[in-house]
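Take a look at the structure below.
The values are calculated or read from the model by the stated rules, or taken from the named source; none is laboratory data. These numbers were taken from a predicted model, which means no experiment stands behind them. Glycine gets a Cβ as well: all are built from the backbone with ideal geometry, and neighbour counts include every protein chain shown. When the accessible area is computed, the model is the full protein with side chains, heavy atoms only, and any ligands, DNA or RNA have been set aside. Shrake-Rupley method; radii C 1.70, N 1.55, O 1.52, S 1.80 Å.
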Amino acid sequence: MEFFDMDIQPTKSNNNSTVTNSLRSNPILHVECCLKTQSTAEYEEIQESVEKFLREFKSSVLCYSEITDFYDIPLLGEHLENMKVAEAGGSSDDSEAIYILDDVNLDIHVYQLEEDEAVDEFQEEENVLAANHWELPSRALEGLWDNLIFDNNVKTRLIEYVTTTMLFSDRDINPNIISWNRVVLLHGPPGTGKTSLCRAFAQKLAIRLVERYNHGGKLLEINSHSLFSKWFSESGKLVQKLFQQIHDIIDEEDCFVCVLIDEIESLTASRKSSLSGADPSDAVRKNVLILATSNITEAIDVAFIDRADIKQYIGLPSQKVIYTILSSCIQELIRVGIISTEETLLDWRAAELYHDATSNNHEVIPSMKLFEISKKCQGMSGRVLRKLPFLAHAHFLQSRKTTKLSDFLDALDKTATEESSSSFRT
Ligand SMILES: Nc1ncnc2c1ncn2[C@@H]1O[C@H](COP(=O)(O)OP(=O)(O)OP(=O)(O)O)[C@@H](O)[C@H]1O
């Protein structure tokens, strides 16, 4: 078997980022290794073998890339489902960096996915779906983190937040001197990926914290909309019961728990009338992180906003993000054979450089066509963008099982024009 230093497949979010990489070095590089479901291998044994493999056969790796040439190593080939290079600790934007392995410390995270879907938690008497609950890391959430694309370093910032939280807890910092609440609030327009980011973050943490918590991780997703709809906002009892359940889960096991409260505004607005003594942040213990989302920050209880350590605005995607999201959708259609093409799309940075350096022939080059479409899509949310390729096919290409890239881009362009003139687009 031959090993190539740079034989790495970019993951979905960074498909074409090979030309414009910069060389950097960094102290800690995270590598995530997913064990096959049936594997009973010891995590430490796999960690050692992965480290040995990387150090022996590679001199450098690309951040956010998948390593695929480990299958011939007996232990790894038998037990590993995949191996990914994730971000480097302490780096603010490393999406296209190459790391020299001699210059980094490797932090190898071995994990196994839970196959079960989310379990619904009903409030019996009222028969309302009050929460659902995932065992982490979950198969259903695999890949979500990589497919969420943001302009600023939101994802890195979240990871750094938890790293600091862990360090401060480990060092037993006196909370009366320095305080932090383990509460994160993501707010912004609908459909911009807030809920998905919370779920993906919980999954990420479960992978990273595998060695700290014997019973793994859980994500408890509270359906505040159904709980606090007009009718239920009368019922403080229901809320009390739900938070009692959260306390029970947190108390009973040595596990890491993320509590996701979507649309926190409905909760905090009714807090005064119905929640006496059952503030969600009461649930905050050492092993708990509260992740809250909101579409309208103004309506949120000021006391809650004050408690959030991170208040992160998630806005509508920029042209760069739009281009990257649409490009990832096109890659997926190429993967399944609906688009047939020999051409490759440039990554954003290369597309932007090309666009600025040339002034004609833009329409015939796929990346330039996509560049123009992404300009047209400004103002649309990530949710709308991820639907556009489907609508393009349904409206303009429905009879075709396979289509040329240029035809697909024409259809996408028409769909973008239609959507951008529609008033119902979030
Ligand atoms: N920045 C993004 N990158 C990739 N996909 C995105 C992005 N933003 C939204 N999406 C996609 O849009 C869909 C909706 O996202 P999500 O429900 O997380 O948004 P939200 O902000 O929580 O919306 P709401 O406030 O309406 O609940 C998801 O399938 C997600 O994959």
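General remarks:
- The calculated FRET efficiency for Ile28 paired with Asp251, based on their beta-carbon distance and R0 = 22 Å, is about 0.10.
- With a Cα cut-off of under 20 Å and a minimum spacing of 8 residues unless on different chains, the lysine pairs in the stretch 327-426 number 12.
- Length gained when the stretch His395-Phe168 is fully extended (0.36 nm per residue, less Cα-Cα span): 76.3 nm
- For trypsin sites (Lys or Arg not before Pro), the sites in the stretch 327-423 that DSSP calls loop and that have at most 16 other Cβ atoms within 10 Å are Arg400, Lys401.
- Checking every one of the GluC sites (Glu not before Pro) in the stretch 27-72 against DSSP loop status and a limit of 11 other Cβ atoms within 10 Å picks out Glu42.
- Rounded to the nearest 20, the size of the Cβ-charge dipole of the stretch 341-426 about its Cα centre is 460 debye, with Lys and Arg at +1 and Asp and Glu at -1.
- Spin-label pair Glu372-Asp103: with each label point 7 Å from Cα along the Cα-Cβ axis, the two points sit 4.1 nm from one another.
- Note on Thr402 and Glu115: the extension gain reaches 100.0 nm, defined as 0.36 nm multiplied by sequence separation minus the Cα-Cα distance.
- The simple Förster model, with R0 at 45 Å and r as the Cβ-Cβ distance, assigns Thr358 and Ser420 a FRET efficiency of 0.95.
- In this simple spin-label approximation, Gln319 and Glu66 carry label points 7 Å from Cα along the Cα→Cβ vector, and these lie 3.1 nm apart.
- Accessible surface ranking that places the most exposed of Trp134, Trp180 first, with a 1.4 angstrom probe: Trp180, Trp134
- Loop-located chymotrypsin sites (Phe, Trp or Tyr not before Pro) in the stretch 320-426, at most 12 other Cβ atoms within 10 Å (DSSP): Phe424
- Dividing the alpha-carbon radius of gyration of the stretch 362-426 by the rule-of-thumb value 2.2 N^0.38 Å gives 1.07.
- Theoretical FRET efficiency, 1/(1+(r/R0)^6), r = Cβ-Cβ of Thr40 and Ile310, R0 41 Å, to 0.05: 0.60
- Multiplying the residue separation of Thr341 and Arg55 by 0.36 nm and removing their Cα-Cα distance gives an extension gain of 99.3 nm.
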